[in-house]
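Structure, as structure tokens:
The values are calculated or read from the model by the stated rules, or taken from the named source; none is laboratory data. Everything numeric here is computed off the predicted structure, so don't read it as measured data. No Cβ is skipped: glycine too gets one built from the backbone with ideal geometry, and neighbour counts run over all protein chains shown.
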Amino acid sequence: MHGVISYIIAALLAIALVHAAWGDLRTRIIPNWLNLAIALGAPLWWWSNGWSIWPDVVLQLAIGFVIFMIFAGCFAIRAMGGGDVKLITALSLWLPLVPLVRMLFAMAIIGGLVTLATLAIHRLMKRPDNPEIPYGVAISLAGLWVFANELLTISGP
């Protein structure tokens, strides 16, 4: 029973991440309600995969806190938007440490490609202002990649 529920919860996360990527690409905004829904879905994921409160859930909450602090620092120096920080934090609640590190590496690579594409388009359109990078696209794609390749084949952290 838990296996089917896990796949349903993972599918809902995938839909949310696609929505976040598409919305960020179109409007450069990741809605707070969407980040909150992703964060609130994590306990369902933990339950459906049989994670224990100690140490599994406590470790996930600690990881989420550390990720928030790191990326809030990026926000403070204007290197990242607030919606991006919230999306990474919400997604970090779903990912055990090793898959999270893989997601962060994939996010950096995809983010670099998104940045180059955005800058090229901005330059071709000869816009005088600084472009806003839709980093939610990189976060979402990296999260989807890690989920599809790692987490759907294992159970637990």
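The number of residues in region 29-58 that are more than 15 Å from S6 (Cβ to Cβ) and either within 15 Å of the chain's Cα centre (by Cα) or assigned to a helix (DSSP H, G or I) (or both) comes to 17.
Is it the case that I30 is surrounded by 15 or more Cβ atoms within 10 Å (Cβ to Cβ) and in contact with a Leu (Cβ under 6 Å, 6 or more places away or on another chain)? Answer is yes for this residue. The residue that is modelled with the lowest pLDDT, among those in region 116-157 that are surrounded by 15 or more Cβ atoms within 10 Å (Cβ to Cβ) and not in a helix (DSSP H, G or I), is P157. Candidates G3, G83: the one that is in a helix (DSSP H, G or I) and closer than 19 Å to V114 by Cα is G83. Look at region 1-19: where a residue is modelled with pLDDT of 95 or more, no partner that is of a type in the set (K, R) sits 6+ places away or on another chain with Cβ atoms under 8 Å. Screening M69 against (1) more than 17 Å from E132 (Cα to Cα); (2) of a type in the set (A, V, I, L, M, F, W, C); (3) touching a helix residue (DSSP H, G or I) at 6+ places or on another chain (Cβ under 7 Å) leaves a single unmet condition, (3). Being among the hydrophobic types (A, V, I, L, M, F, W, C), closer than 18 Å to I15 by Cα and surrounded by fewer than 20 Cβ atoms within 10 Å (Cβ to Cβ) is a description that does not apply to W94.
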